[in-house]
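**Student:** My structure is below; once you've seen it, I'll send some questions.
The values are calculated or read from the model by the stated rules, or taken from the named source; none is laboratory data. If you're wondering where the values come from, they're calculated on a predicted model, not measured in any experiment. We place every Cβ from the backbone using ideal geometry, glycine too, and count neighbours over all the protein chains shown. These area figures cover heavy atoms from the full protein model, side chains too; ligands, DNA and RNA do not enter into them. Shrake-Rupley method; radii C 1.70, N 1.55, O 1.52, S 1.80 Å.
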Amino acid sequence: MIRKNIAILSGLFLTILAGRAQQSSSAYDFLDISTSTHAYTLGGRNVAIVDPDVTLVDQNPALLGPEVDNQVAFNYMHYMGSGNFAGLRYGMGAGERSAWAVGMRYLNYGSIDGYEWDGSMTGTFTPADLVVEGTFSHDFTDRLRGGINMKMVYSTYESYTAFAMAVDLGINYYNEEKDLSLSAVISNAGGQIKRFDKEYSRLPFDIRLGYMQALGSSPFQISVNADHLTKWNLPYYTHDKNDPENQQVLKSSFFSNLFRHLIFGLQYSPSEKFYIGIGYNYKMRTDMATYQRNFLSGFTVGGGLRVKAFGIGISYAMPHKSASSLMVNLSCSIGQLIYGSD
């Protein structure tokens, strides 16, 4: 049975990678915005967090398991400026070794003024995206779990609409004795079915790796995640301070490319019911290099608390000097609420 499941997942990986080579342009970056405060706290992305939190499935579907205990979770994020994102997800076990979840998220970018080519105003419109998801995971062994997440994406921007479908495939190895978690994820594999216009827009396909482990017997855990692994060169623009015209300069050294692939996190978690953490995302910081970044750009902070059946998580980042992002998660384990178990 285990060999059959692994063969099915391997076939899906190869099929998706073959189709990927036919894609050409870029869009749908909103799919990379986390719905989990826990992941956002540790740098904005973390595919290796082991926590009974159903919102983590958007990071890695293999993080879903029977331990979610009929959990329903709501997430809200105020994203730099006028963006407001919200989502709802429900997950439950399917026997002793499997689990499933369903969810949806709505991304609203605020009102925008519309204009014709000649400059005449056409009124205001609100661009928005809707994502509907279904997730399934299975424990191959006591330490190895695989998962798949299917996404349907509908976008409406003024008079233009588009529809796309995507798949996330993930695997997680967790050694409870060493508190060691290792993960690999293929994310956003798929394509656009209905285009906005004539131009085809591809999804932000990515391969991601994650590592998280406790520091000895202490309540501290460290995490290192690597993303954008389909492309080594990730140049960015900054300003030359010695140039009186303040022109943009392209940066693309070996070490800048290396660290733009890495995300670091440090977490203090004295029990399974509480954590606080901080993350550093060098790519987030350097993406703001051509704008008004500040000392806090690239850093994320947050924490979470569970009391009986209820949980809350909060995370915060300030990538831009005059714009910040705040995320809140609220969750309830219905099984614990009904039966009163801890």
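**Student:** Per residue of segment 131-147, in order, report the coupling 6.51 cos²θ - 1.76 cosθ + 1.60 (Karplus, θ = phi - 60°) as ³J(HN,Hα) in whole Hz, putting x for Gly and Pro.
**Tutor:** Values per residue, Gly and Pro as x: 10, 10, 10, x, 10, 9, 9, 8, 7, 6, 9, 5, 10, 10, 9, x, x Hz.
**Student:** Using a 1.4 Å probe on the protein heavy atoms, what percent of the accessible area of segment 119-185 belongs to carbon and sulfur?
**Tutor:** Using a 1.4 Å probe with all protein chains present, segment 119-185 comes out at 61 percent carbon and sulfur.
**Student:** Which peptide among 176-186, 38-48 comes first, and what is the full order, when sorted by highest mean count of other Cβ atoms within 10 Å?
**Tutor:** 38-48, 176-186
**Student:** Treat every Asp and Glu Cβ in segment 178-240 as -1 and every Lys and Arg Cβ as +1, leave all other atoms uncharged, and give the resulting dipole magnitude about the Cα centre to the nearest 20 debye.
**Tutor:** That gives segment 178-240 a dipole magnitude of about 280 debye.
**Student:** Go through segment 159-174 residue by residue and turn each phi into a ³J(HN,Hα) via Karplus (6.51, -1.76, 1.60, θ = phi - 60°); whole Hz please, and just put x for glycine and proline.
**Tutor:** 9, 9, 10, 8, 9, 9, 10, 9, 9, 10, 10, x, 9, 9, 10, 10
**Student:** Another question about this same structure. Under a 1.4 Å probe, what is the accessible area of segment 81-217 per residue, stated in Å²?
**Tutor:** Per-residue value: 50 Å².
**Student:** What percent does the relative contact order of segment 31-77 come to when contacts are Cα pairs within less than 8 Å and at least six residues apart?
**Tutor:** Relative contact order, segment 31-77: 34 percent.
**Student:** A follow-up question, please. Once phi is turned into ³J(HN,Hα) by the Karplus curve 6.51 cos²θ - 1.76 cosθ + 1.60 with θ = phi - 60°, what whole-Hz value does each residue of segment 176-188 show in order, with x for glycine and proline?
**Tutor:** With coefficients 6.51, -1.76 and 1.60, one gets 5, 5, 9, 6, 10, 10, 10, 9, 9, 9, 9, 10, 6 Hz.
**Student:** Another question, then. Find, among the GluC sites (Glu not before Pro) in segment 91-169, those assigned to loop by DSSP (not H, G, I, E, B) with at most 12 other beta-carbon atoms within 10 angstrom.
**Tutor:** Here the GluC sites (Glu not before Pro) that fit, given the DSSP loop and packing criteria, are Glu96, Glu116.
**Student:** If every alpha-carbon in segment 173-226 counts as one equal scatterer, what log10 I(q)/I(0) does Debye give at q = 0.13, 0.18 1/Å?
**Tutor:** One equal scatterer on each Cα of segment 173-226 leads to -0.51, -0.68.
**Student:** I need the shape label for segment 187-279. Rule: rounded when a/c is under 1.5, else prolate if a/b > b/c, else oblate, with a, b, c from the alpha carbon gyration tensor.
**Tutor:** It comes out oblate by the Cα gyration axes.
**Student:** I would also like to ask the following. In what sequence, highest mean first, do 268-275, 249-256 appear when ranked by Cβ atoms within 10 angstrom?
**Tutor:** 268-275, 249-256
**Student:** When only DSSP loop residues count, what chymotrypsin sites (Phe, Trp or Tyr not before Pro) in segment 59-117 have their Cβ near at most 16 other Cβ atoms within 10 Å?
**Tutor:** Trp117
**Student:** Sticking with this structure for a sec: Order the peptides 329-336, 139-146 from the highest to the lowest mean number of other Cβ atoms within 10 Å of their residues.
**Tutor:** In descending order of packing, they fall as 329-336, 139-146.
**Student:** Near the amide H of Gly81, under 5 Å away, which other amide H atoms are found, from residues 5 or more places off or on another chain, if H is placed in the peptide plane?
**Tutor:** Ser324
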